[in-house]
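Below is one structure, written out as structure tokens; comments come after it.
All of the numbers you see were taken from the coordinates with simple rules; none came from a lab. Not measured: the values here are computed from a predicted model. Cβ placement follows ideal geometry from the backbone for every residue including glycine, while neighbour counts extend to all protein chains displayed.
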Amino acid sequence: MTHDRVTGGRLRAGLGFAVLSASSFGLSGPLARGLMDAGWSSAAAVAVRVLLAAAVLTPIAVVRLRGRWGLLRRTAPLITAYGLVAVAGCQLAFFNAVAHMEVGVALLVEYTAPVAVVGWLWLRRGQRPGRLTVVGAVLGLVGLMLVLDLVSGARASAVGILWALGAMVGAAVYFVLSARDEDGLPGTVLAAGGLLVGGVALLVAGAVGIVPLAVSGAPVAFDGFAVPWWLPVAVLGVVTAALAYVAGIAATRRLGSRLASFVALTEVLSALVFAWLLLGEAPGGIQLVGGALILAGVVAVKLGEPRS
């Protein structure tokens, strides 16, 4: 009976952490959209977000590392790839996407990443997907067409679609790299190191003129109200990055990667709610149907994964 109570407590805590993480991540798109409308470049918004999060997580990572600096040197390639692609590349592509299309639509496109992961594992490691996985992939592709409203011939932003697909690739790389735990690198160290590498890379790219780093001290306007610029910046770094990563790690360790990934799908719903509240964006009916198909496809893909 004691073991059952402990397990139930871990389950409840894990679900709470997972929902907190997904909700925190879902807030990032609407806040970034407000900053970019106020004159911030997408690269500047991403750089400030990840560097603030790195500053919050680095002391925790140092404690978790416990002086094992050799482990940090051995896993430097993993941390570097994580920071450049899964952190900086993914977030930069997503923020650029929401600058050209609605937040909810961009996020739904990004969330086809599990289908890309299945394809990668099939081509790279020979893990042939089962029938349920194939059905999920088809549902995801059909849902993507509906989300982009291609069936009715509606005009879609080609630039926004390409950026959203780039974010999807970055998210797929995030899932693949996060699954590498054979080196014994704590998740907090990977997150802090990746955030620091990604933020520094964006600053260097801005310094040499590869990406524009434009900031503005103008108030940030949302749907019906405005706030000082520092408020969304602080929330982006502390809440939507640092808190989101820490809560996500805590959830995964309590629920396991499979169940935690299911609960993470609530990020789509939270992003839609935040986009409606902050930006006044409401998706159309056909896009809601497409979003439901994408979520159903992702769930089917996860259910079709072979058990380890």
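Observations on the model:
- Sorting the segments 11-23, 163-175, 191-203 by their mean number of nearby beta carbons within 10 angstrom, highest to lowest, gives 191-203, 163-175, 11-23.
- Charge dipole of segment 56-134 about the Cα centre (unit charges at C-beta), most positive-ward option of Ala113, Gly67, Pro77: Gly67
- Tensor-based shape of segment 185-226 (alpha-carbon gyration tensor, a/c under 1.5 rounded, otherwise prolate or oblate): oblate
- Tensor-based shape of segment 38-144 (alpha-carbon gyration tensor, a/c under 1.5 rounded, otherwise prolate or oblate): oblate
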